[in-house]
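One structure is given here, and the rest of the page talks about it.
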Amino acid sequence: MRFEFPGSLVHIMARGLDGKKIFLDIDDRQVFLTILTREITQCGYRCLAWCLQSNHYHLFLRTNENPMSSLMRPLNSGYARWFNDKHNRRGYLFQDRFKSVLCQDQGYARQLIRYIHLNPIRSGEVVSLKELRVWPWCGHGYLLNAPRANGCLFQDHLETLRRFGNTPENAVQSYVTFLEQGIHKGCSGTAGQLPDEAVFEISGSHKGWPAVIGDAEFAKEAMQRHEVSTWRKHRQVDYKNALESIAVDISKSCGVSYDQLFEKGRQDKRSKARETFCYRAHHEEKIPFVAIARFLGTTITPVVFLARHGKERTGVKNR
């Protein structure tokens, strides 16, 4: 189980089976980045931070309506096939499925960016920030415009740095200072260490828990959304019939035709009917956004928007 909502910030981790190395040489890491570039471009995610260690990797991503599996399945399976062929081995490369932690924006995102980019210092693979700047296997160098830094083809430079300042120069300086502050009293073993509650959530994700890093209100909302996404009133094969029944009801009660529910636009009566339909289908009948979007012939984002407005108009809170 995992938290997975469109537009979320997620910290993704994958480890080698039994702690074994997944990158044995430079070519391995470069091929992994090539596959990552292809797949992240295909699914349209934004990458804020990343790091490749010898036996695991970290990605910090902004998702969209595409499920995380649309990136992770071809990334891990494609790389594992290449690795096995090259190194003449068989069997699984990664330990179970990838792990993910939902992250609140604001200061929590900054902490995770630092945590991921200081990973090589914590592990001892890199000894200083000066050396990290030219280390090619994490996103730190690209943020500083280091020569020949990896990341230019898939890492979102602006999406990351905007959390540290209003101008590029201020953002870079603030980012570097923030990393320096993360190396407590010169102790590299705790560089970028996260608060205890965040460490607990990351540890829980490795045990299969749905994990979240953020304040109490953010965690509560995530749990509520997760409950809706996992507790359904209808089987998947019945979604179409259930949605048709809801559409008939809504069109009658709102005074619009059935066909008008499928028309986009801001006509008051029709837009309110669409909002009510999306709210009822998702929040009351527990039908996932992707099924509602498919039924209406649109994408997930406007359905989420319509359902939210429908919920606000009904005055329902924390449901």
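Structural remarks
- For region 28-48, filtering for residues that are surrounded by fewer than 14 Cβ atoms within 10 Å (Cβ to Cβ) and under 16 Å from ASN76 (Cβ atoms) leaves 1.
- Here LEU71 meets each of (1) without any contact (Cβ under 8 Å) to a residue 60 or more places away in the chain; (2) assigned to a loop (DSSP other than H, G, I, E, B) with one exception, condition (2).
- Those residues of region 129-164 which are without any contact (Cβ under 8 Å) to a residue 40 or more places away in the chain, within 22 Å of the chain's Cα centre (by Cα) and not in a helix (DSSP H, G or I), in sequence order: CYS152, ARG162
- Count - residues of region 98-146 that are under 25 Å from PHE218 (Cα atoms) and not hydroxyl-bearing (Ser, Thr, Tyr): 17
- VAL256 vs. criteria more than 30 Å from LYS99 (Cα to Cα), among the β-branched types (Val, Ile, Thr), surrounded by fewer than 13 Cβ atoms within 10 Å (Cβ to Cβ) and modelled with pLDDT of 80 or more: no
- If you go through region 181-214 and keep only what is at pLDDT below 75 and in contact with a Ser or Thr (Cβ under 7 Å, 6 or more places away or on another chain), you end up with just HIS184.
- When GLU284, GLU244 are checked against the criterion of being at pLDDT 80 or above, touching a Lys or Arg at 6+ places or on another chain (Cβ under 9 Å), over 30 Å from LEU112 (Cα atoms) and not aromatic (Phe, Trp, Tyr), GLU284 stands alone in meeting it.
- Candidates ARG232, ARG225, filtered to the one that is modelled with pLDDT under 75, surrounded by 13 or more Cβ atoms within 10 Å (Cβ to Cβ) and either under 20 Å from the mean Cα position of the chain (by Cα) or of a type in the set (A, V, I, L, M) (or both): ARG225
- Test for VAL199: is it surrounded by fewer than 15 Cβ atoms within 10 Å (Cβ to Cβ) and not in a helix (DSSP H, G or I): no
- Only listed residue being touching a residue at least 60 places away in the same chain (Cβ under 8 Å), surrounded by fewer than 19 Cβ atoms within 10 Å (Cβ to Cβ) and among the charged types (D, E, K, R), chosen from ASP85, ASP96, ASP25, ASP105: ASP105
- Note on region 1-42: residues that are part of a helix (DSSP H, G or I) and under 12 Å from the mean Cα position of the chain (by Cα) amount to 1.
- Test for LEU17: is it out of contact with any strand residue (DSSP E or B) (no Cβ under 7 Å at 6 or more places or on another chain) and within 21 Å of HIS206 (Cα to Cα): no
- Considering residues of region 119-143 that are surrounded by fewer than 18 Cβ atoms within 10 Å (Cβ to Cβ) and of a type in the set (A, V, I, L, M) only, the residue farthest from ASN55 (Cα to Cα): VAL134
- Screening ARG110 against (1) within 14 Å of the chain's Cα centre (by Cα); (2) within 18 Å of LEU161 (Cα to Cα) leaves a single unmet condition, (1).
- For region 85-113, filtered to residues that are outside any helix (DSSP H, G or I) and of a type in the set (Gly, Ala, Ser), the residue that is farthest from LEU48 (Cα to Cα) is GLY91.
- The single condition among (1) part of a loop (DSSP other than H, G, I, E, B); (2) at pLDDT below 95 that SER54 does not meet is (2).
The values are calculated or read from the model by the stated rules, or taken from the named source; none is laboratory data. Remember, predicted model here, so these are calculated numbers, not experimental data. Reconstructed Cβ throughout: ideal geometry from the backbone, glycine too, with neighbour counts over all protein chains shown.
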